[in-house]
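For reference, the structure discussed in these notes is given below.
Every read-out reported here was derived from the displayed coordinates using simple, explicitly stated rules and does not represent laboratory data. Worth saying up front: this structure is predicted, and the values here are computed from it rather than measured. All Cβ positions, glycine included, derive from the backbone under ideal geometry; neighbour counts span all protein chains shown.
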Amino acid sequence: MKKKLISLMIGLALISMTAVSLAADNVSEVKTFSLEQAVNYALENSPLVGISETGLQKAQVKLKEAKSAYNKSNKSEDTAKAFSVSIETLDTAKLQKGYYKRLAEMGLILAEKAKLQTIESIKFSVESSYFNLLNAQEKLAIQNSILKVSKENLDNIKKKYALGMASQIEVLSFETAYSQAELDKKSAERALIYAKMSFNKTLGLPLDTKVQLTDKLQVQVPPEVDIEKKVEEALENRMEVISATEQYEVDKLNFEITALWYPENTYKYQEAKHIVESSAYSVINSQQTVELSVRKAYMDMIDAYEAIEVLDKLIDQAEKTYETTKVRYDMGMATNNEVVEALNKLQEIKLQKAQALLGYNLAKKQFEASYGIGLTLTP
């Protein structure tokens, strides 16, 4: 009996160790994503898609009930006419003239568009977090390269100091530059950790999931665009315009019905008139706002692209300046401070290029979204 008990305990221990090992393997598993795979994963797993689908189903049910009530009210109206009975309330008149049915139709249209907008917003959020993670990786790579060069400079100056060819001040200057490069690298490492966690959150993954991205931030020449055509597309597709237009149509119907019941000198009449005038203004305002947003998104994309072209030239110039300054320093024609400043300038421009590359890719996606259904971004 004792041997059986010991065997059982050993077996349980082995099972437990296996389970722990499997759990550890799962934790260390690296998930690999292309940009397309990341978007698809988010769409398949985001609860927001399901919520928007439920909202759509709710709007469909509401319209069905509104149509049923409308049909019943018209039958009641026919009966009332047969017996010469008048409609007693404004709400009854709205029901019979299809106001509530039209309101439900608007609700369904907006629910359908809201689902599309949710999908586009998820896509954009994933693309943004994907690009931000790539940007964080690139910034860390830049800081590592700067740290490597700073270490080489420090090692060289220490050798010169040992030979009596450099002063202690020069050694301290390069030590300070190396220490700053170390701090910058650590800061970039922390930023990368945060970018990974943010990416995981966007996809609905545990924050500590290990991920690997296969796509890269690229610079592609902006496509030739007929901006007037894109503005037209936006005015047809954007949620803001559709919502404002639908609301105006509903409010106009409400005013037409109310005007049949109340004279111009009553509060009800003026209230309905005020609502429809406000709605008419909202349509014009939304159209102009959308047009401006499309044009601004296009300008931002072009500006970001042109900034990259300039920064490429500045990086080439800064690299040559740094190399020249190092040679001049070795010949005693430049100071250690000039070497450090040249290296810092090179680092600064490389980081600007990385940020501009991120800005261009985001601006390009923002422009593409500007003439579609539009975005409602969630934090």
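Taking a cut-off of 16 Å between Cα atoms, list the lysines near Lys201, but don't count ones fewer than 8 places away on the same chain.
Filter leaves Lys31, Lys123, Lys210.
Go through segment 300-306 residue by residue and turn each phi into a ³J(HN,Hα) via Karplus (6.51, -1.76, 1.60, θ = phi - 60°); whole Hz please, and just put x for glycine and proline.
Result, ordered by residue: 4, 5, 5, 4, 5, 5, 5 Hz.
For helix 2-28, report the angle its Cα long axis makes with the longest principal axis of the Cα atoms of the chain; keep it between 0 and 90° and round to the nearest 10°.
Once rounded, the angle reads 80 degrees.
Nearest 10 degrees, 0 to 90: what angle lies between the long axis of helix 35-45 and the longest principal axis of the chain (Cα atoms)?
50
For Lys72, list the lysines whose Cα falls under 26 Å from its own Cα; do not include residues on the same chain fewer than 8 positions away.
Lys58, Lys62, Lys64, Lys81, Lys94, Lys97, Lys101, Lys252
Would you mind working out the magnitude of the charge dipole of the chain relative to its Cα centre, with +1 at each Lys and Arg C-beta and -1 at each Asp and Glu C-beta, to the nearest 20 Debye?
For the chain, the charge dipole is close to 1680 debye.
Relative contact order for segment 148-208: what percent, with Cα pairs under 8 Å and sequence separation of 6 or more? Working shown, then result.
Working: 27 pairs, mean separation 14.9, N = 61.
Averaging sequence separation for qualifying contacts and normalising by length gives 24 percent for segment 148-208.
Taking Cα atoms, how many degrees apart are the long axis of helix 336-370 and the longest axis of the chain, rounded to 10 and kept between 0 and 90?
20
Expressed as a whole number of Å, what is the distance separating the alpha-carbon centroids of segment 196-246 and segment 291-364?
Segment 291-364 and segment 196-246 have Cα centres separated by 26 Å.
Kindly write out, for segment 264-276 in residue order, the coupling ³J(HN,Hα) from the Karplus curve 6.51 cos²θ - 1.76 cosθ + 1.60 (θ = phi - 60°), rounded to whole Hz, with x marking Gly and Pro.
Going residue by residue, I get 5, 8, 9, 5, 4, 5, 5, 5, 5, 5, 4, 5, 6 Hz, with x marking Gly and Pro.
Under a cut-off of 19 Å between alpha-carbon atoms, report the lysines in cross-link reach of Lys353, not counting same-chain residues fewer than 8 places apart.
Partners within reach: Lys139, Lys185, Lys216, Lys313, Lys320, Lys345, Lys364, Lys365.
Report the full-extension gain for the segment Gln317 to Trp261: residue separation times 0.36 nm, less the Cα-Cα distance, to one decimal in nm.
Working: separation 56, 0.36 × 56 = 20.16 nm, distance 7.75 nm.
Computed gain between Gln317 and Trp261 is 12.4 nm.
What number, in percent, do you get for the relative contact order of the chain if the mean sequence gap of Cα pairs under 8 Å and at least 6 apart is divided by its residue count?
Normalised by residue count, the contact order of the chain is 24 percent.
Where Lys and Arg each count +1 and Asp and Glu each count -1, what net charge lies around Phe255 among other residues with Cβ under 10 Å from its Cβ?
Summing Lys/Arg as +1 and Asp/Glu as -1 gives -2.
Could you pull out which residues in segment 338-360 have an amide N less than 19 Å from a spot 7 Å beyond the Cα of Arg328, following the Cα-Cβ vector?
Correct set: 338-349.
Which FRET efficiency value, to the nearest 0.05, is calculated for Glu228 and Glu348 with the Förster distance at 30 angstrom and r the Cβ-Cβ distance?
0.15
Pull up all non-local amide H partners of Lys210: gap of 5 or more, or a different chain, and H-to-H distance under 5 Å with H placed in the peptide plane.
The answer is Lys31.
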